[in-house]
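Below is one structure, written out as structure tokens; the observations come after it.
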């Protein structure tokens, strides 16, 4: 009899699962044997990904159309996942976006509020709903942060601030819940070849050639590594393109 995959029988929620890092993470977790609840707003994409996970890995999936800025939506996501699978072992807080051209005096309030709502409120709602279940299972909570939340930078200070918030919130939750057996990890990428930035006219996938910057699968591998931890916690994982500091 072959060895069971490392996440066999465990259940994960991935927010922002319809594309990019979220989609790659869903594949990585399913390949490790996890049941996967797919959360995002684009239902058709989620259904396509669910079909792929079931076909390629035999994974049990749940398609959960979710707006992370709506706390009732997020509460229902967690409740439905627990009801469907019988528990929750991993939450991947991945949903995030950037808006506006980044110049503070020219940024409209809608762009500011949208970034705060998705990148901060959404992560709070999901974490709040998931934590009691993660305590029960001694599970793992993974946040997708950013290089932008680690070093001062001139590009889009509001987006950067939301990622500083993500790291601060994550590590504070780590301090609060570590003695209850919950692992908390922040994964910080630099540029990743995804749809990110498309709302500004050019996505990172269009801007960078394959191999020029980090691929979604590389970030997904780091997230899956964090999700596999049972006694230790990978507190923070940085994945930068190798020349990131050369152009400073």
| message | Looking at (1) surrounded by 18 or more Cβ atoms within 10 Å (Cβ to Cβ); (2) out of contact with any strand residue (DSSP E or B) (no Cβ under 9 Å at 6 or more places or on another chain), which one does residue 181 not meet, given that it meets all the others? | response | (1)
| Do any helices (runs of 4 or more DSSP H) entirely within region 1-119 hold 2 or more residues that are farther than 18 Å from residue 130 by Cα and touching a residue at least 60 places away in the same chain (Cβ under 8 Å), and if so, which? | 20-31
| task | Go through (1) crowded, with 21+ Cβ neighbours inside 10 Å; (2) modelled with pLDDT of 95 or more; (3) touching a strand residue (DSSP E or B) at 6+ places or on another chain (Cβ under 8 Å); (4) closer than 23 Å to residue 239 by Cα one by one and return the number of the condition residue 162 breaks. | result | (3)
| query | Just checking, which of 102, 96 is at pLDDT below 95 and within 12 Å of the chain's Cα centre (by Cα)? | reply | 96
| region 49-74, residues that are touching a helix residue (DSSP H, G or I) at 6+ places or on another chain (Cβ under 7 Å), more than 17 Å from residue 85 (Cβ to Cβ) and surrounded by fewer than 20 Cβ atoms within 10 Å (Cβ to Cβ) | 65, 67, 69, 71
| query | Under the condition of being in contact with a strand residue (DSSP E or B) (Cβ under 8 Å, 6 or more places away or on another chain) and free of Cβ contacts under 8 Å to residues at least 60 places away in the same chain, which residue from region 216-235 is farthest from residue 27 (Cα to Cα)? | reply | 232
| task | Being closer than 30 Å to residue 59 by Cβ, buried (at least 21 other Cβ atoms within 10 Å of the Cβ) and either within 16 Å of the chain's Cα centre (by Cα) or in contact (Cβ under 8 Å) with a residue 40 or more places away in the chain (or both) narrows it down to one of 124, 143, 169, so name that one. | result | 143
| task | Return yes when residue 77 is within 16 Å of the chain's Cα centre (by Cα), surrounded by 19 or more Cβ atoms within 10 Å (Cβ to Cβ) and closer than 22 Å to residue 170 by Cβ and no when it is not. | result | yes
| Of all residues in region 149-185, how many are closer than 22 Å to residue 224 by Cα, assigned to a helix (DSSP H, G or I) and touching a helix residue (DSSP H, G or I) at 6+ places or on another chain (Cβ under 9 Å)? | 10
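The values are calculated or read from the model by the stated rules, or taken from the named source; none is laboratory data. None of these values were measured; they are calculated from a predicted model. Glycine also receives a Cβ, built like all others from the backbone with ideal geometry; neighbour counts cover every protein chain displayed.
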